[in-house]
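Before any comments, here is the structure.
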Amino acid sequence: MSALKSSTDNTTKPKKKFPKLGLRSIKTAISTTLCAIIYILIDRNSTFACIGAVFGMETSTETPWKSGSNRFIGTIIGGCLGMVFFYLQQQTTGKLMQIVFLLIGITCFIILSQFLGYPGAIQGGAVVFYIVMLNTPHDEYISYAINRMIDTGVGVFISILINVLLSRQNLSRYFTFIKE
């Protein structure tokens, strides 16, 4: 059997090429770094702004508005429902009730996102919902959720701004080697 295996392994495998760094990757790096710099200057944690920037970045200047609004709307819905269900969860005791509120809350979130016409908001908003439900200090859940919504909005805004400013169309005006 080893003789058979060695005879079939003599095929030449193509060499792996070093991955290319595309414009979207560069713009994502710039957006997230800009978020980090701003948040360092105001002495706040930039995690959610950077996440918003990553979710808000798209390959073209037409779609970031849609993905950015999906991310922001999802964050608002997820944060608000997270606050409501976190409060309700705190009125009860037991791990079983926490699971029940997680189940009911995420189901309401998905239905509400679809009803409002933002099915693309489900992924990002679910992240915020679960962070509020599972990672919030008990006495700070309202300010925590509101801060997550603001931080995500800042990240999405910066991402959209960088995507528009550094679009292929704008860059091709200044650099002739960039093709539209």
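Considering only segment 124-150, state which residues are modelled with pLDDT of 90 or more and farther than 26 Å from A53 by Cα.
Residues satisfying the conditions do not exist here.
Given the condition under 12 Å from C80 (Cα atoms) and open to solvent by less than 90 Å² (accessible area, probe 1.4 Å), answer yes or no: does some residue in segment 158-179 qualify?
From segment 158-179, those under 12 Å from C80 (Cα atoms) are none; that's our starting set.
Checking segment 158-179: not a single residue is under 12 Å from C80 (Cα atoms) and open to solvent by less than 90 Å² (accessible area, probe 1.4 Å).
Under 8 Å between Cβ atoms, which residue pairs at least 6 apart in sequence (or on different chains) link something in segment 23-34 that is touching a residue at least 24 places away in the same chain (Cβ under 8 Å) with a partner that is of a type in the set (K, R)?
The qualifying pairs are L23/R168.
Can you give me the number of residues within segment 124-137 that are open to solvent by 50 Å² or more (accessible area, probe 1.4 Å) and closer than 16 Å to R71 by Cβ?
Going through segment 124-137 one residue at a time, the tally reaches 2.
The values are calculated or read from the model by the stated rules, or taken from the named source; none is laboratory data. Worth saying up front: this structure is predicted, and the values here are computed from it rather than measured. All Cβ positions, glycine included, derive from the backbone under ideal geometry; neighbour counts span all protein chains shown. Remember, those area values only see protein heavy atoms, side chains included, never the ligands or the DNA or RNA. Shrake-Rupley method; radii C 1.70, N 1.55, O 1.52, S 1.80 Å.
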